[in-house]
Structure formats: structure tokens, C-alpha cells
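Quick one: structure below, then a few questions.
The values are calculated or read from the model by the stated rules, or taken from the named source; none is laboratory data. Note that the structure is predicted; figures quoted are calculated from it, not measured. Reconstructed Cβ throughout: ideal geometry from the backbone, glycine too, with neighbour counts over all protein chains shown. These area figures cover heavy atoms from the full protein model, side chains too; ligands, DNA and RNA do not enter into them. Shrake-Rupley method; radii C 1.70, N 1.55, O 1.52, S 1.80 Å.
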Amino acid sequence: MSQSLAAADTAAGPLAEIVITGDLGRPARLTVSDLRAWRQHATQVAFECATSGIRHHHFTGPLLHDVLTDTAPAFDPVRRKDRLRFLIAVRGADGHHALLSWAEIDPDFGRAPVLLAVTLDGTALDRVGPQLVLPQDRCGARHISGIEAIRVDGGYPAMDGAR
């Protein structure tokens, strides 16, 4: 873990919050402490970083799917294919963005074990905010530190006239 992350997390100040918005029945504002209420998963991750080579880390946190399901996404849960039009945009405090599809994290489809990590290498992330962790990715580009916003967007209806 970097010394700057350790210093930022122990510095006095407000707890980081994630704002979850979009096509949801229950938008949410969550802290790392709130994320601990979900079942916690642990994963060892090795990913290639463009600037510093292969990085190894241990993360714990709830599954992104579990947290977002609790916000009641506006799809018909009985119609599996209705979920396929939903996208998930994640933004970190540093401006870093990543985009995932609902199908990627859904147990009926990709079942990717994407975490909203609350610890990194044993250090709590309460002050700096959770991290988006995609253990299945070889490259670390979609790992987002200090998540401040997640938007769930289902505004992609079937395209008229598409063949």
C-alpha cells in the first residue's frame, strides 16, 4: 500500500461517501462503514499496471451486484433480458471513470465478482472511499480508487429499425 493512501486514510476529516443514482427505486448515499453491512468477500488480485508492472493486492468488500440490487434498479426482475440494457458508470474522486454492463455482474450472465472494496491490504478505506475491484481483469485500468459516484442507467431501449 502506498504511504499516501495510509496517510490519507488516517488524516482527520469527513468519511468518504458514494452517491448511487440513476434508474433506481432507492438511490443511496453510502459510506465504507455502510458497505460493511453486506456480506464481505475477499480476493487476491494481481494486475498489470502500465507504469509500475505487476501489482499484487488483497481486497475485502461486498459485491457490487449485491449493493446495487438493494437500490432497486428499474428493470423487470422477471424478464432477464430487461437487465441487459443497463449500464453502470463508476467515478473516482480523481476523475477516473469505468463503465460496466449489468450483465457483467449479474449471476444469471457474467457473474463477475466485482467488489466495492472496503479494505486494501488490511487497511480500512473509510476516509479515502471504497475501490472498484475487478479480479477478472488482467489490466488494472478499471480499478477505481476513492469511488464517489455510481450511476445505473437503463436508458437504452431496443433500437427501432436496427437490423
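Check Ala149: other-chain or 5+ apart residues with amide H under 5 Å from its amide H, H built from backbone geometry?
When sequence neighbours closer than 5 places are left aside, the close amide H contacts are Val19, Arg91.
Here's another thing I want to ask about it. Can you work out ³J(HN,Hα) from phi for every residue in the stretch 25-35, in order, using Karplus 6.51 cos²θ - 1.76 cosθ + 1.60 and θ = phi - 60°, giving whole Hz and x for Gly and Pro?
x, 9, x, 9, 10, 10, 9, 4, 4, 4, 5
If you don't mind, another one. Step through the residues of the stretch 132-144 one at a time and calculate ³J(HN,Hα) from phi using the Karplus curve (6.51 cos²θ - 1.76 cosθ + 1.60, θ = phi - 60°), rounding each to whole Hz and writing x for Gly and Pro.
Karplus values, whole Hz, x for Gly and Pro: 7, 10, 10, x, 7, 7, 6, 9, x, 5, 8, 6, 10.
When only C-alpha pairs under 8 Å and at least 6 residues apart count, what is the relative contact order of the chain, in percent?
Working: 346 pairs, mean separation 48.7, N = 163.
Result for the chain is 30 percent.
How much accessible surface does Ser145 have with a 1.4 Å probe, in Å² rounded to 10?
60
Rounding to the nearest 20 debye, state how big the charge dipole of the chain is about its Cα centre with +1 on each Lys and Arg Cβ and -1 on each Asp and Glu Cβ.
So the dipole magnitude of the chain works out to roughly 300 debye.
Then there is this: Using C-alpha positions alone, give me the convex hull volume of the stretch 82-143 per residue in cubic angstrom.
Here the figure is 96 Å³ per residue.
Over all directions, average the projected area of the Cα convex hull of the chain and note it in nm².
Averaged projected hull area, Cα only: 10.6 nm².
Could you list the trypsin sites (Lys or Arg not before Pro) in the stretch 10-91 that lie in coil according to DSSP, counting only those with at most 14 other Cβ atoms within 10 Å of their Cβ?
Numbers: sites: Arg29, Arg36, Arg39, Arg55, Arg79, Arg80, Lys81, Arg83, Arg85, Arg91; in loops: Arg36, Arg39, Arg79.
Loop-located and lightly packed - Arg39, Arg79.
Counting helices only, and only those DSSP H runs with n ≥ 4, report the 222 nm mean residue ellipticity of the chain as the sum of -39,500 (n - 2.57) divided by its residues, in deg cm²/dmol to the nearest 500.
Numbers: 4 runs with 22 residues, N = 163.
Calculated at 222 nm, the ellipticity per residue is -3000 deg cm²/dmol.
Follow-up question, since we're still on this one. Just to confirm a number: summing +1 for Lys and Arg and -1 for Asp and Glu over residues other than Ile88 whose beta-carbon lies under 9 angstrom from that of Ile88, what do you get?
Details: positive: Arg151; negative: Glu104, Asp153.
Net of charged neighbours comes to -1.
Rounded to whole Hz and in sequence order, give me ³J(HN,Hα) for the stretch 78-95 from the Karplus expression 6.51 cos²θ - 1.76 cosθ + 1.60, θ = phi - 60°, writing x for Gly and Pro.
So the J values, rounded to whole Hz, are 7, 9, 3, 5, 4, 5, 5, 8, 8, 10, 10, 9, 10, 10, x, 4, 8, x.
Heads up, I need the accessible area for His58: 1.4 angstrom probe, whole protein in place, Å², nearest 10.
60
Could you calculate the FRET efficiency of Arg55 with His97 from 1/(1 + (r/R0)^6), where r is the beta carbon distance between them and R0 is 25 Å, rounded to 0.05? Walk me through the numbers on the way to the answer.
On the way: r = 20 Å, r/R0 = 0.80.
Result of the calculation: an efficiency of 0.80.
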